[in-house]
Amino acid sequence: MLNRIDLRDSNLTAGELAAALPRADQDVAAALEAVAPTIADVRERGAAALRDAAERFDHVRPAHLRVPAAALQAALDGLDPQVREALELAIAHNRAGHVAQLPVERDTEIIPGGHVIQRWIPVRRVGLYAPGGLAVYPSSVVMNAVAAQVAGVEQIALASPPQAEFDGLPHPTVLAACALLGITEVYAVGGAQAIAMFAYGAEAADDVDRADSLVGGGDGRILCEPVDVVAGPGNVYVAAAKRAVRGAVGIDAEAGPTEIAIIADSGANPEYVAADLLSQAEHDPNAGSVLITDSPALADAVDAALARRLEATRHRERAHTALTGRQSAIVVVRDLEQAIAVADAYAAEHLEIQTVDAAAVARRIHNAGAIFVGPYSPVPLGDYLAGSNHVLPTGGTARFAAGLNVMAYLKPVQLINYDADALAAMTAPLTALAESENLPAHSEAARARQS
């Protein structure tokens, strides 16, 4: 079923390996051209442009762009009790996982009387995006919002596409997740237009917008204020919009199609491996599922298990497209050393280790968004309840990027606090450096305090 790439007789460099491995196509540059008019329109016309974009892309014209409080409460009241319990568990686990990420303020005395204090200051306001499309993602609401809340962000706004079947509001489960998290500023806005709204703000366009703004504590003129950071996954147009507004606002990352890689040896259970590859393939026709193994027998067994499981899965057509696409494959390697080299070259969003001594192997990996260790740590655990964050770098960007965490919402700021004696002790070397750079006024700023 899966394409097969045999690297057993090859000796490729890291760059050559990366080029030889399967990867989904994502042309963000082409999408950037497509979203530019929408971004410009939202910047110019505000809420009016948001409604026009919703009608064009989501096939519904929302009466309320800002979701009324009553709709949030109704979604929570109507939430399946088992789903509510699971979401509450996900929130609790993610809160614990993210609290552990918080950095500690540190005061370093450089010389007697001269201190540098490292502070971590949260941004004031963030805009979070929860995608719609082929699936519903209340889990993405949890992942984005909990990290921001733990970081200490004061204002959290969230946007999710309007749904025609829900009277132009986002999916009720997304709204219920917002209510559970205490997020009251929620917008029925999707795609590139949501990113533009967060980056540049949006003026109210009609009496409904003005009334909704007043209820939310605004002055009736502005439907949505600009934010400092935009975060959250989305399709290629959302990724392109993030690239377009970067600089006007901070972004977390440009997310691409989801992907999983699994390093598995001959002792791995082929049913577990097949189930995990399929779990990511059901996300999207462009999702990537990659098995890296030194066992041709395991490769054959996984292929057979995948074919059988595919026939029984709900999203068979979507998953089949993903599994048989160029972005998915079985990579056969000589040994564990080559498997690790392949995994680092691929730099998977999700990397599972199903080998002997999996924990030790996991410690040897340099490039992965998140690493799932052993046969009982499947990727879906991290998607929902592990306590880790599922917003992760895709498309090989795990070589240099990290998954979403509290640091996305924190700014490191240094406080420099020297007393008179400490400055006096530094004036001579400061003067020497300033003169060497032909910046005499720099030294004068220090010497002026010595009289």
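The values are calculated or read from the model by the stated rules, or taken from the named source; none is laboratory data. All values reported here derive from a predicted model rather than from experimental measurement. Cβ placement follows ideal geometry from the backbone for every residue including glycine, while neighbour counts extend to all protein chains displayed. Calculation scope for accessible area: heavy atoms of the full protein, side chains included, ligands and nucleic acids excluded. Shrake-Rupley method; radii C 1.70, N 1.55, O 1.52, S 1.80 Å.
Values computed for the structure shown
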quantity: Selection from the stretch 215-248 of residues that are touching a residue at least 12 places away in the same chain (Cβ under 8 Å), over 20 Å from Val141 (Cβ atoms) and in a strand (DSSP E or B); calculated: Ile222, Leu223
quantity: Tabulated pairs, the stretch 1-16, first more than 19 Å from Arg326 (Cβ to Cβ), second part of a loop (DSSP other than H, G, I, E, B), C-beta under 6 angstrom, 6+ apart or interchain; calculated: Arg8/Arg334
quantity: Odd one out for Asp212 among (1) part of a loop (DSSP other than H, G, I, E, B); (2) closer than 30 Å to Glu88 by Cβ; (3) touching a Lys or Arg at 6+ places or on another chain (Cβ under 8 Å); calculated: (1)
quantity: Members of the stretch 427-451 that are open to solvent by 70 Å² or more (accessible area, probe 1.4 Å) and assigned to a helix (DSSP H, G or I); calculated: Ala428, Leu433, Glu435, Ser436, Ala441, His442, Glu444, Arg447
quantity: Test: residue in the stretch 400-416 that is over 30 Å from Ala86 (Cα atoms), aliphatic (A, V, I, L, M) and either open to solvent by less than 40 Å² (accessible area, probe 1.4 Å) or assigned to a loop (DSSP other than H, G, I, E, B) (or both); calculated: no
quantity: Elements of type helices (runs of 4 or more DSSP H) contained in the stretch 17-78, each with 3 or more residues being under 30 Å from Ala339 (Cα atoms) and touching a residue at least 24 places away in the same chain (Cβ under 8 Å); calculated: none
quantity: Residue in the stretch 179-191 that is assigned to a helix (DSSP H, G or I), within 16 Å of the chain's Cα centre (by Cα) and either buried (at least 24 other Cβ atoms within 10 Å of the Cβ) or of a type in the set (Lys, Arg) (or both) present; calculated: yes
